[in-house]
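Peer 1: Let me give you the structure first, and then I'll get to my questions.
The values are calculated or read from the model by the stated rules, or taken from the named source; none is laboratory data. Worth saying up front: this structure is predicted, and the values here are computed from it rather than measured. Cβ sites come from the backbone with ideal geometry, for glycine too, and all protein chains shown count toward neighbours. When the accessible area is computed, the model is the full protein with side chains, heavy atoms only, and any ligands, DNA or RNA have been set aside. Shrake-Rupley method; radii C 1.70, N 1.55, O 1.52, S 1.80 Å.
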Amino acid sequence: MANASPVARPAVLSDLIPGSRVRDLALVAGGAALTGLAAQLTFPMWPVPVTGQTFAVVLVGAALGMNRAALSMALYMLVGVAGVPWFQGGTSGLGGPTIGYVIGFIAAAAIVGRLAERGGDRTVLRTAGTMVLGNLTIYAFGLPVLMAVTGLGLGGALAAGVIPFLAGDALKIAVAAGLLPAAWKLSGR
């Protein structure tokens, strides 16, 4: 009598979708497109606008897992640098005070994705912690570039590129902390 092979536990939500390479390519492209759409939800501020991008980045990270999420954000950045106007406010290209944040999206998506693969999106508290780490990663990349491009010192860069976003990030984290565990419950896993 042959042993029945155990059913693999999905690491992230996208693993619930059947498929392989074609699915992965579609998910990577879809995550990049979602981030591009979220970038158009903009509230202008100088030098860094408030957008929906960071919310999309952490959701893509949690839903796709480390590798697909990092590829998705790399695709988002490369296509935007190549000229597709899907960075914040319909911009594109390399440079400017926000490019460091965009570079940070790749690392943040990878970190959030890896934590999600280890169950970091299954409970409200874990999801909140996972999303906080993702946001801190984005700031860690964005802040030094903001300082270099604008000439702001650390205090000025924190005042312009971090502090105004903390309340919005807290709201985005709260929404994600409610959505992701609920999605797992709905999936029956």
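Peer 1: For T123 and W46 in the same chain, what is the full-extension length gain: residue separation times 0.36 nm, less their Cα-Cα distance, in nm? Walk me through the numbers before you get to the answer.
Peer 2: On the way: separation 77, 0.36 × 77 = 27.72 nm, distance 3.56 nm.
So the extension gain works out to 24.2 nm.
Peer 1: While we're on this one: Amide H of V50: which non-local residues (sequence gap of 5 or more, or other chain) have their own amide H closer than 5 Å, using H built in the peptide plane?
Peer 2: F43, M45
Peer 1: I'd like the carbon and sulfur percentage of the solvent accessible area for the chain, probe radius 1.4 Å, heavy atoms only, ligands and nucleic acids excluded. All intermediate terms of the calculation are to be shown ahead of the outcome.
Peer 2: Details: 6800 of 9330 Å².
Roughly 73 percent, rounded to a whole number.
Peer 1: For V124, what is the net charge nearby, where nearby means another residue's Cβ is under 15 Å from its Cβ and Lys, Arg count +1, Asp, Glu -1? If you can, show how the numbers build up before the last one.
Peer 2: Numbers: positive: R122, R126, K172, K185; negative: D121.
Once positives and negatives cancel, what remains is +3.
Peer 1: Under 8 Å for C-alpha pairs, at least 6 residues apart: give me the relative contact order for the chain, rounded to a whole percent.
Peer 2: Values: 293 pairs, mean separation 41.2, N = 189.
22 percent.
Peer 1: Where is the GNM fluctuation largest for the chain (alpha-carbon springs, 10 angstrom cutoff): F55, F141, F165?
Peer 2: F165
Peer 1: Skip the ligands, DNA and RNA, and give the accessible area per residue of the range 85-178 with a 1.4 Å probe, whole Å².
Peer 2: Numbers: 4030 Å² over 94 residues.
Counting only protein heavy atoms, the per-residue value for the range 85-178 is 43 Å².
Peer 1: If you wrap a convex hull around the C-alpha atoms of the chain and split its volume per residue, what is the figure in Å³? Could the numbers behind the result be given before it?
Peer 2: Details: hull volume 20.7 nm³, N = 189.
Roughly 109 Å³ of hull volume per residue.
Peer 1: Find the centroid of the Cα atoms in the range 21-83 and in the range 148-174, then give the distance between the two in whole Å.
Peer 2: The distance from the Cα centre of the range 21-83 to that of the range 148-174 comes to 20 Å.
Peer 1: Rounded to a whole number of µm²/s, how large is the Stokes-Einstein D of the range 38-100 at 20 °C and 1.002 mPa s, given Rh as the Kirkwood radius over C-alpha pairs? Could you put the intermediate results ahead of the total?
Peer 2: Details: Rh = 12.1 Å.
The estimated diffusion coefficient comes to 177 µm²/s.
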